[in-house]
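Working notes, beginning with the structure itself.
A short reminder: the numbers here are calculations on the coordinates, not readings from a lab. All values reported here derive from a predicted model rather than from experimental measurement. FYI the Cβ positions are ideal-geometry reconstructions off the backbone, even for glycines, and counts take in every protein chain you see.
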Amino acid sequence: MGAITDAPCSAFLPPDQINFIESALRMYGSHGVNESDSERWMAISSVVNSFTKLALYLRSVVALGAPNLDGCPLIPKALWRSSPHSRNAYNSFLFWIHRLGIERASTIIDVGANHGDFARAASATFPQANVLLFEPLPTMHDYLNGLMRAGRKTWQLLPCGLGSAPGEFPLFVDDKNDAIGSFAGFADEYLRANPLAQPNRKIMCNVRTLDEVASELGLESIDLVKIDVEGFEFEVLKGATVSLQRTNSIIVEVSLLRHSATSATPLLEMLQILTSVGFQVVEIIPSLFDPAVSWKPTEFNVLMRRSPGSNS
C-alpha cells in the first residue's frame, strides 16, 4: 500500500519553480539543430525530471539539517545499499515532517508502510522515536523485517491493515506493482488516471482499528501519524476516534477517485473531519495527476497539526 512513488517528481515542488524550469528549457530547446521535436522534448523532459529530483533533494537536506546521503539522487543505488526504495518519496517525507514543525517525537505511526520509506524518514528525523509500521501486504513483510534485522531497532511491524472495525477484509492487489494494494478496490476512473495499475487478484487480510492497537500497547500520546492506504483513509479514521484526540500531527493521502467518503468532495470532508477534532492545515500537496488533464490532481497529501498545548 502507498502510492506516492506513482507521482511525478514535479508534484512535490511548488508550481512556480516547475514553470520556471520548463520555460527556461523550452527556450534552450528551441535552439537545437540536430534533433527532431520529439527527441528534443524527451531530452527536455529528462532534464526537467533531473532538476526537480535535485531540487527536492536539496529541500530534504535543509529539512534534515544533514547531507542526507541516503536520498541523494547523484549516488547510484548499487553503490549505496542503504538507499530507500523510492528516493522521491523518502525526500518528500523528510520535507513534509520538517514542514509540520515537530520539535520532538517519541511515538510515530506509519499506516500503509509499504517499503518503509516514510518510516526511514521518520527515524532519520527522530532517531529515538518508536515507529509502528502497519502493512497488510504479505509480500512486504519479509522486506520490512529485513530492514529491522539490519538495524531498525526502534521499528515494530504490525502485519495487518487498519479500518473502522476488526475483521478479515479483501485486499485488491497488483502482483506487478506492490505499491498500490487497496481495500477500497480499483475504480474504473482510477485505472484511467493510473494506467500502470493492473489489479489481478484479491487476498484476505487481517484488519484492526488504531484505537484497539493503541489501547493494547498503552499509547497515551502519538506525535505523528501518516496514512497512505489507497482510498481506505476514511475507514482508518473511523477506527481512530480516540487515537486522533491523542495525536499531535498527521499526514494523510486523500484519493479523489476511490474513497469511502460520504460526500462527493472527499478532500473537503477530510479537512472537516480533522479540523473538527482540533487539527489545523499546514499544507495541502497534490501527489497524483490525471494524465488526460495534466493540471487536475486526483490525490492530495494533507499535512495537519495541532497548536502547542491543544491536544484534547
If you put +1 on each Lys and Arg Cβ and -1 on each Asp and Glu Cβ, how big is the dipole of the range 4-305 around its Cα centre, in Debye rounded to 20?
-> 720 debye
Would you mind ranking Arg201, Arg305, Arg208 so that the residue whose beta carbon has the fewest other beta carbons within 10 Å leads the list?
-> Arg201, Arg208, Arg305
Dmax and Rg, reported as Rg then Dmax, of the range 4-305 (C-alpha, Å) = 19.5, 67
Karplus-derived 3J(HN,Hα), 6.51/-1.76/1.60, for each residue of the range 237-243, Hz, glycine and proline x = 5, 4, x, 9, 5, 6, 4
Per-residue HN-Hα couplings for the range 102-119, Karplus 6.51 cos²θ - 1.76 cosθ + 1.60 at θ = phi - 60°, whole Hz, x for Gly and Pro?
-> 6, 7, 8, 8, 10, 9, 10, 10, 10, 9, x, 5, 6, 8, x, 5, 5, 4
Within straight cross-link reach of Lys77, meaning Cα distance under 18 Å, which lysines are found once same-chain residues fewer than 8 apart are removed?
-> Lys53
For Val225, other-chain or 5+-apart residues with amide H closer than 5 Å (H placed, Pro excluded) are Ile109, Ser249, Ile250, Ile251
How do Tyr57, Tyr190 rank when sorted from fewest to most other Cβ atoms within 10 Å of their own Cβ?
-> Tyr57, Tyr190
With charges only on Cβ, +1 for K and R and -1 for D and E, what is the dipole size of the range 189-303 about its Cα centre, in debye, rounded to 20?
-> 340 debye
Could you work out how far the C-alpha centroid of the range 128-194 sits from that of the range 68-89, in angstrom?
-> 22 Å
Could you work out the Rg to Rh ratio of the range 213-312, with Rh taken as the Kirkwood radius (inverse of the mean 1/r over all Cα pairs)?
-> 0.99
Under 11 Å from the Met204 label point (7 Å along Cα→beta-carbon), backbone N, the range 141-171 | 168-170
What residue among Val111, Tyr190, Tyr143 has its Cα farthest toward the positive end of the dipole of the range 100-206, where the charges are +1 on Lys, Arg and -1 on Asp, Glu, each on the Cβ?
-> Tyr143
In the range 182-255, which GluC sites (Glu not before Pro) are in a loop and have at most 12 other Cβ atoms within 10 Å, using DSSP for the loop call?
-> Glu220
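With a 10 Å Cβ neighbour count serving as the proxy for reagent exposure, in which order, fewest first, do His115, His141 appear?
The fewest-first ordering by Cβ neighbours comes to His141, His115.
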Please report the relative contact order for the range 4-305, taking Cα pairs under 8 Å with a sequence separation of at least 6, and give it as a percent rounded to a whole number.
-> 15 percent
Run the quick spin-label model on Ser276 and Arg104: label points 7 Å from Cα toward the beta carbon, then report their separation in nm to one decimal.
-> 3.4 nm
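Multiplying the sequence separation of Thr262 and Leu74 by 0.36 nm and subtracting their Cα-Cα distance, what value in nm do you get?
63.2 nm
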Amide H within-cut-off set for Phe289, under 5 Å, with H built and near neighbours excluded = Thr298
All aspartates and glutamates inside 16 Å of Lys202 as judged from Cα atoms, apart from same-chain residues fewer than 8 positions distant | Glu135, Glu168, Asp174, Asp175, Asp178, Glu230
